[in-house]
Amino acid sequence: MTGVAVVAVALAGAMTPAQAREATLPIKNGKAEFCLTKPAAKRLAEAKIKLVATGKARLTGKQRQCVSLPLTEGTRDYAKLQGGLSFRDRDDRLDLSKVHNYVDKTPRTVVHASVNRAKARQAQFLTYTIKRDNAQVTQKQIKAVDVRTALTGEGEKLFKKTFGKSPLREGEQLFNLNAVADLPKGAPDALAALLSSLG
């Protein structure tokens, strides 16, 4: 839950120690939706590469293709998503599973990547940023809307290893991310501080 985790850590940073303890309670009942940008979808289509949802993830979106992954567990520092994503053409496939999002100096999405069913290896696949306009907070939920993600160098290399070339280069936007999760107890007290802390 990339954007949700970012908002959660901002909340924790704005709280008193007692409030921060409340905010580190497990985050549950959420999901993250990775939606292909129009340029990325076009390039994938030109390369005849399909985006597929695996495990408990599912394909969503009418205007653009998205993969929605349920949140299984998370805190202010990380979020673990259920299911995965797969990029496939007629002969080859890049499977991404065990999707985790981390929040520190370099917010990132880490996955276990398998090229053509080979043993999966951990890789940093995406980086991202979140701004004030991306954060929506109510008394009950944290939402992240249209968070921009960028393909990492490792991500580009994985595409090249799988398909011979990559449809996108390092730093180019692959997905827009939308996320939602239940708000940790005590967090509403810090909403004003949170919003003022985001750029």
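The values are calculated or read from the model by the stated rules, or taken from the named source; none is laboratory data. Predicted model, so just to flag it, every value in this text is computed and none were measured. Here Cβ is always computed from backbone atoms with ideal geometry, including for glycine, and neighbour counts include all displayed protein chains. SASA here: full protein model, heavy atoms, side chains in, ligands and nucleic acids out. Shrake-Rupley method; radii C 1.70, N 1.55, O 1.52, S 1.80 Å.
Brief remarks follow.
- Candidates LYS48, LYS56, LYS80: the one that is modelled with pLDDT of 95 or more and in contact with a Lys or Arg (Cβ under 9 Å, 6 or more places away or on another chain) is LYS48.
- Subset of region 99-158 [touching a Leu at 6+ places or on another chain (Cβ under 7 Å), among the basic types (Lys, Arg) and more than 20 Å from ALA57 (Cα to Cα)]: LYS131, ARG132, LYS140
Listed here are the residues, each with its yes/no results for (1) within 21 Å of ALA144 (Cα to Cα); (2) open to solvent by less than 50 Å² (accessible area, probe 1.4 Å).
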| site | (1), (2) |
| --- | --- |
| PRO39 | no, no |
| LEU51 | no, yes |
| ALA79 | yes, yes |
| GLY83 | yes, yes |
| ASP104 | yes, no |
| THR109 | yes, yes |
| GLN122 | no, no |
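- Restricting the search to strands (runs of 3 or more DSSP E) fully inside region 39-134 and requiring at least 3 residues that are of a type outside the set (A, V, I, L, M) gives 66-74, 84-88, 93-102, 108-115, 121-128.
- Among the residues of region 131-138, none qualifies, meaning not one is under 22 Å from VAL52 (Cα atoms) and either buried (at least 16 other Cβ atoms within 10 Å of the Cβ) or modelled with pLDDT under 95 (or both).
- Candidate set: region 139-160, residues that are over 18 Å from the mean Cα position of the chain (by Cα) and charged (D, E, K, R); chosen: the one surrounded by the fewest Cβ atoms within 10 Å (Cβ to Cβ): LYS140
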